[in-house]
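*Asks:* Take a look at the following structure, please.
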Amino acid sequence: MKRIVHIVGTGTIGEPLIGLLTDFRDRFGIDEVTFHKRTPLESDKSRIRHLMERGAHLVTEPEAVTAFEGMGQKVSYEAQEALEQATVIIDCTPAGNENKERLYSKLSGPRGFLAQGSEFGFGKPYARGVNDEAMVAEEDRFIQIVSCNTHNITTLIKTLADDGADGMALERGSFVCMRRANDVTQASSFIPAPTVGKHGDPEFGTHHARDAYHLFETLDTRLDLFSSAVKLNTQYMHSIWFQLVLNRDTTLGEVTGRLHDNHRVAVTSKSQANLIFSFGRDHGYYGRILSQTVVVLPTVLVRRNREIIGFCFTPQDGNSLLSSVAATLWRMNPEWDDVAQRLEPIRRWLYQEI
């Protein structure tokens, strides 16, 4: 049978994911990439045409076919047909849970369904390199790719506090997520001044710590985590202040050594988000590096032998793209060694130093 990956949505995660899967479909072992676009808009013509010229196949609702083809864009499949024939479906919309209830749960053909960050409860939470070993092929048909900031938080914890057979050495973790107002691809929702977010969860503060907690829970590990959020009037990228309190002593040398040893972690001496953002624009895929986090080394210190404090940047959804591709390949063939081998062509965008 053909191995088909179907992406629902063409937004800030959907569009680069369509491009990535299409450009590397031969190396990934994918026969066809399809994508669903609901509304035919003149303003979207050029980018949709570009995706199709690279080999992706347009899907829409039956009532929209005529309008798309009137704009010179060939529709390859209608929506229901694309869903039924897909091997893996990746939902990149804010309606993943709704679509699961309305559509996906009724499909028997696809091997896997993925939804993005905000869709808590869609399935088992996943971040590449953090909880791969928790994934169970016979059980995990529905997977939640956690948000880009949750990728950052969980990678920091895994890198700096995981002592292997001795367990997690984390006593507690606190995080302040300083979020960009909107993406450079978006023309709305910009804000005039920094805007603080409420602590809607009495245990975790914001969803970032909550999602991180539940991700580590898949590894039978329960952590004391708390996060706060503030939205800044910038479009560059998210940044995070972190404090990890260990239950054992550590040194700055050990901390920096662990950061350098994780190939999914990038380190930098640059303290301005625009410099990291511009590096991604010049040297990334669709302007994105795929590293899980970018840690600003001059800000990292060890206080009182057990507190690790510092700042890091979150690479603009690049980490979510990496995990989405990894989870897709795993659902097609649930062998992590095979997944790692097929991911080799995109490791060039996993930077260890910026």
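*Asks:* Which residues, counting only those in the stretch 82-115, are among the acidic types (Asp, Glu) and touching a residue at least 12 places away in the same chain (Cβ under 8 Å)?
*Replies:* Those that are among the acidic types (Asp, Glu) and touching a residue at least 12 places away in the same chain (Cβ under 8 Å): GLU84, ASP91.
*Asks:* Taking the options GLY129, GLY121, GLY96, GLY112, name whichever one is assigned by TED's automatic domain parsing to the domain that holds ASP338, on the phi > 0 side of the Ramachandran plot and surrounded by 18 or more Cβ atoms within 10 Å (Cβ to Cβ).
*Replies:* None of the others qualify; the one that does is GLY129.
For (1) among the basic types (Lys, Arg); (2) under 20 Å from the mean Cα position of the chain (by Cα); (3) outside the structural domain of LYS158 (by TED's automatic domain parsing), each residue gets a yes or a no:
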{"residue": "LEU215", "(1), (2), (3)": "no, yes, no"}
{"residue": "THR234", "(1), (2), (3)": "no, no, no"}
{"residue": "MET237", "(1), (2), (3)": "no, yes, no"}
{"residue": "LEU275", "(1), (2), (3)": "no, no, no"}
{"residue": "ARG288", "(1), (2), (3)": "yes, yes, no"}
{"residue": "THR299", "(1), (2), (3)": "no, no, no"}
{"residue": "ILE309", "(1), (2), (3)": "no, no, no"}
{"residue": "ALA327", "(1), (2), (3)": "no, yes, yes"}
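*Asks:* Considering the stretch 216-275 alone, what residues qualify as being touching a His at 6+ places or on another chain (Cβ under 8 Å) and among the β-branched types (Val, Ile, Thr)?
*Replies:* Within the stretch 216-275, VAL267 is the sole residue that qualifies.
*Asks:* Any residue at all in the stretch 134-156 that is among the aromatic types (Phe, Trp, Tyr) and touching a residue at least 60 places away in the same chain (Cβ under 8 Å)?
*Replies:* Within the stretch 134-156, none of the residues are among the aromatic types (Phe, Trp, Tyr) and touching a residue at least 60 places away in the same chain (Cβ under 8 Å).
*Asks:* Return the residues of the stretch 139-167 that are over 17 Å from the mean Cα position of the chain (by Cα) and of a type in the set (Gly, Ala, Ser); say none if nothing qualifies.
*Replies:* Those that are over 17 Å from the mean Cα position of the chain (by Cα) and of a type in the set (Gly, Ala, Ser): ALA161, GLY164, ALA165, GLY167.
*Asks:* Only helices (runs of 4 or more DSSP H) wholly contained in the stretch 217-333 count here; list those with 1 or more residues that are exposed (fewer than 15 other Cβ atoms within 10 Å of the Cβ).
*Replies:* By residue number, 252-261, 273-283.
*Asks:* From LYS2, LYS74, LYS37, which residue is surrounded by 15 or more Cβ atoms within 10 Å (Cβ to Cβ) and over 20 Å from the mean Cα position of the chain (by Cα)? It would help to see each step written out before you state the result.
*Replies:* Details: LYS2 fails: surrounded by 15 or more Cβ atoms within 10 Å (Cβ to Cβ); LYS74 fails: surrounded by 15 or more Cβ atoms within 10 Å (Cβ to Cβ).
Criteria check complete, one pass: LYS37.
*Asks:* Residues that are touching a residue at least 40 places away in the same chain (Cβ under 8 Å), farther than 22 Å from PHE277 by Cβ and either loosely packed, with under 14 Cβ neighbours inside 10 Å or of a type in the set (S, T, N, Q) (or both): does the stretch 189-206 have at least one?
*Replies:* Scanning the stretch 189-206, I find no residue that is touching a residue at least 40 places away in the same chain (Cβ under 8 Å), farther than 22 Å from PHE277 by Cβ and either loosely packed, with under 14 Cβ neighbours inside 10 Å or of a type in the set (S, T, N, Q) (or both), so the answer is no.
*Asks:* Please report, ordered by residue number, the strands (runs of 3 or more DSSP E) entirely within the stretch 98-205 with at least 1 residues that are under 20 Å from SER323 (Cα atoms) and small (Gly, Ala, Ser).
*Replies:* So the answer is 112-115.
*Asks:* Please identify the pairs in which a residue from the stretch 30-53 that is within 14 Å of GLY11 (Cα to Cα) has its Cβ atom under 7 Å from the Cβ atom of a residue that is charged (D, E, K, R), counting only partners at least 6 apart or on another chain.
*Replies:* Listed pairs, sorted by first residue: ARG38/GLU61; ARG47/GLU15; ILE48/LYS37.
*Asks:* Please go through the stretch 72-81 and give me each residue that is in a helix (DSSP H, G or I) and either without any contact (Cβ under 8 Å) to a residue 24 or more places away in the chain or among the charged types (D, E, K, R) (or both), ordered by number.
*Replies:* Matches in the stretch 72-81: GLN80, GLU81.
*Asks:* Sticking with this structure for a sec: Find the residue count for the stretch 165-204, including only residues that are farther than 30 Å from ASP44 by Cα and of a type in the set (Val, Ile, Thr).
*Replies:* 3
*Asks:* A follow-up question, please. Can you tell me which residues in the stretch 1-49 are of a type in the set (D, E, K, R) and outside any helix (DSSP H, G or I)?
*Replies:* Within the stretch 1-49, LYS2, ARG3, ASP31, GLU32, LYS37, ARG38 qualify.
*Asks:* For the stretch 62-71, which residues satisfy the criterion of being touching a helix residue (DSSP H, G or I) at 6+ places or on another chain (Cβ under 9 Å) and without any contact (Cβ under 8 Å) to a residue 24 or more places away in the chain?
*Replies:* PRO62
*Asks:* Let me ask something additional. Farther than 18 Å from ASP183 by Cα, surrounded by 18 or more Cβ atoms within 10 Å (Cβ to Cβ), touching a residue at least 60 places away in the same chain (Cβ under 8 Å) and not hydroxyl-bearing (Ser, Thr, Tyr): is that true of LEU21 in this structure?
*Replies:* yes
*Asks:* Which is closer than 16 Å to TRP241 by Cα, more than 15 Å from the chain's Cα centre (by Cα) and either surrounded by 15 or more Cβ atoms within 10 Å (Cβ to Cβ) or assigned by TED's automatic domain parsing to the domain that holds ARG331 (or both), of ALA134, ALA209?
*Replies:* ALA209
*Asks:* Can you confirm whether ARG303 is without any contact (Cβ under 8 Å) to a residue 40 or more places away in the chain and over 30 Å from LEU17 (Cβ atoms)? Lay out the reasoning, then the answer.
*Replies:* Values: without any contact (Cβ under 8 Å) to a residue 40 or more places away in the chain: yes; over 30 Å from LEU17 (Cβ atoms): yes.
It is true that ARG303 is without any contact (Cβ under 8 Å) to a residue 40 or more places away in the chain and over 30 Å from LEU17 (Cβ atoms).
The values are calculated or read from the model by the stated rules, or taken from the named source; none is laboratory data. Computed from a predicted structure; not experimentally measured. When we count neighbours, we look across all protein chains shown, and the Cβ atoms used for this are built from the backbone with ideal geometry, even at glycine.
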